[in-house]
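Asks: To start, I am sharing the structure in question, which I have written as C-alpha cells.
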Amino acid sequence: MSVLNPEFIYFDLDDTLLDHKKAEKHGLADVHDHFEIFKPIPLEELIDTYHHINKGLWEEYGRGEINRHILHRRRFEETFVELGVEPSLYEEAGKVYMNYYRNHWEWIDGAKEAYDAIASKYRTGIITNGFAETQWMKIDQFGFKDTTSQIVISEEVGVMKPHSKIFDHATELAGVPRDKILYVGDSVTSDVKGGLKAGWKVAWYKSNPTELEATLPDLCFDDFEVLKKALGV
Ligand SMILES: [Mg+2]
C-alpha cells in the first residue's frame, strides 16, 4: 500500500500520457513508403537504426554539444548513411516524418480517463523533454493549458530532465514542499531518477518493472487504474 498523498502532481508527456512511440513508428513507416530506395530495406531496420542514432543524438543534445537543427538533420542523415541510402535525402525525410508525426498523436491507453480524474481533484503540471515548438503543439491539441497550472518544457528551461535545474524550477512553480510533489513518468533516467533526486515522490509507468528494483519509485504501475486507485480518484 503506497502512501502518496501529494499536493501537486507533475506528468511527463511523451510515452506517459501521449503515445509518442506509436506516432514515431508510423512517421518512420511513412518515410519508408515515401522513398522508392527503401523498398529492399525492411521497415524494422529503418526503425532500429533511427532509434539507435536518435538516442545518441539526444544525449549529445542533452549535454549541450549540438542544437536542435543539427539533431533534426543528423538523425536522418546518419540513419541513411548507415543504411546505405543517399544521405542528401535527409531534408525531405525530415519533412515527411514531421508531417506524419505531428498529426498522429494519441493518448496512451487509459491515460486520458486517469488524467482527467486526477486533474479534477489535484493541481497538476507537465514536464517534458522536447522541443518547445513540437511540445506546445501537443499541449494545445490536447487542451493541457485548460487543465494544468504549470507547463515546463526543457528547451525553454535550457536543460533536460534529469538535470536538477528543471526539477528545482518546477518545484518553485508548484509552490509546495518537495515531498508533496508526485511525478508520473515512464523514463528510468529522466523521470524516476530525476524525480527522486529532486526529493519528489515518483510513480513509474512501466510495462516491465523488472528493469529496475520495483522498490525504488514510490509506485510502479502498468495500468492507469492502479494510479487512479493510489490517488483515490
Ligand atoms: Mg516519457
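Asks: Could you give the dipole magnitude of the chain about its Cα centre, charging the beta-carbon of Lys and Arg +1 and that of Asp and Glu -1, in debye to the nearest 20?
Replies: That gives a dipole near 840 debye.
Asks: Let me ask something else. Mind giving me the FRET efficiency for Asp140 and His26? R0 is 22 Å, r the Cβ-Cβ distance, nearest 0.05 is fine.
Replies: 0.60
Asks: What dipole magnitude, in Debye to the nearest 20, does the range 21-101 give about its Cα centre under +1 on Lys/Arg Cβ and -1 on Asp/Glu Cβ? Walk me through the numbers before you get to the answer.
Replies: Details: 11 positive and 16 negative charges, 76 e Å.
That gives the range 21-101 a dipole magnitude of about 360 debye.
Asks: Relative contact order, percent, of the chain when contacts are C-alpha pairs under 8 Å separated by at least 6 residues?
Replies: 26
Asks: Working from the pairwise distances between different alpha carbons, so that the mean of 1/r is found and then inverted, what is the range 21-101's Kirkwood radius in Å?
Replies: On the way: mean 1/r = 0.0795 Å⁻¹.
Here the Kirkwood hydrodynamic radius works out to 12.6 Å.
Asks: Multiply the residue gap between Lys39 and Lys165 by 0.36 nm, knock off their C-alpha separation, and tell me the result in nm, one decimal place. Please report the intermediate quantities before stating the final value.
Replies: On the way: separation 126, 0.36 × 126 = 45.36 nm, distance 4.54 nm.
Separation in residues times 0.36 nm, less the Cα-Cα distance, equals 40.8 nm.
Asks: OK, next. For the range 177-194 and the range 11-43, write down the distance between their C-alpha centroids in whole Å.
Replies: 27
Asks: Another one. What order, most packed first, do the peptides 80-89, 166-175 have when packing is the mean number of other Cβ atoms within 10 Å of each residue? Provide the component values of the computation, followed by the final result.
Replies: Working: 80-89: 15.1, 166-175: 18.5.
The packing order, highest mean first, is 166-175, 80-89.
Asks: If the chain between Asp116 and Thr189 were fully stretched, how many nm would it gain, using 0.36 nm times the residue separation less the Cα-Cα distance? Present the calculation step by step, with values, prior to reporting the outcome.
Replies: On the way: separation 73, 0.36 × 73 = 26.28 nm, distance 2.64 nm.
Result for the pair: 23.6 nm of gain on full extension.
Asks: Dipole of the range 79-217, Cα-centred, from +1 at each Lys and Arg C-beta and -1 at each Asp and Glu C-beta, to the nearest 20 debye?
Replies: Around 660 debye, computed over the range 79-217.
Asks: Here is a further query. In deg cm²/dmol and to the nearest 500, what is the mean residue ellipticity at 222 nm of the chain if only DSSP H runs of at least 4 residues count, each as -39500 (n - 2.57), divided by the residue total? Don't jump to the answer; show the numbers that get you there.
Replies: Details: 11 runs with 115 residues, N = 233.
Mean residue ellipticity, 222 nm, calculated: -14500 deg cm²/dmol.
Asks: Take every DSSP beta bridge with both residues inside the chain and express the antiparallel ones as a percent of the total, to the nearest 5.
Replies: Counting only bridges with both partners in the chain, antiparallel ones make up about 5 percent.
Asks: Of Gly110, Thr128, Ile181, whose Cα points farthest to the positive end of the dipole of the chain (charges on the beta-carbon: +1 Lys, Arg; -1 Asp, Glu; origin at the Cα centre)?
Replies: Ile181
Asks: Any idea what diffusion coefficient the chain gets from Stokes-Einstein, in µm²/s, Kirkwood Rh on alpha carbon pairs, 25 °C, 0.890 mPa s?
Replies: Once the numbers are plugged in, D ends up at 132 µm²/s.
Asks: Residues of the range 111-147 with the amide nitrogen closer than 17 Å to a label point 7 Å from the Cα of Glu156, along Cα-to-Cβ, please.
Replies: Output list for this probe position: 124-147.
Asks: Same structure, new question: Stretched out fully, how many nm does the piece from Glu133 to Val176 gain, at 0.36 nm a residue minus the Cα gap?
Replies: 12.6 nm
Every number here is computed from the coordinates shown, using simple stated rules; none is lab data. These numbers come from a predicted model, not from an experiment. All Cβ positions, even for glycine, are placed from backbone atoms using ideal geometry, and neighbour counts span all protein chains on display.
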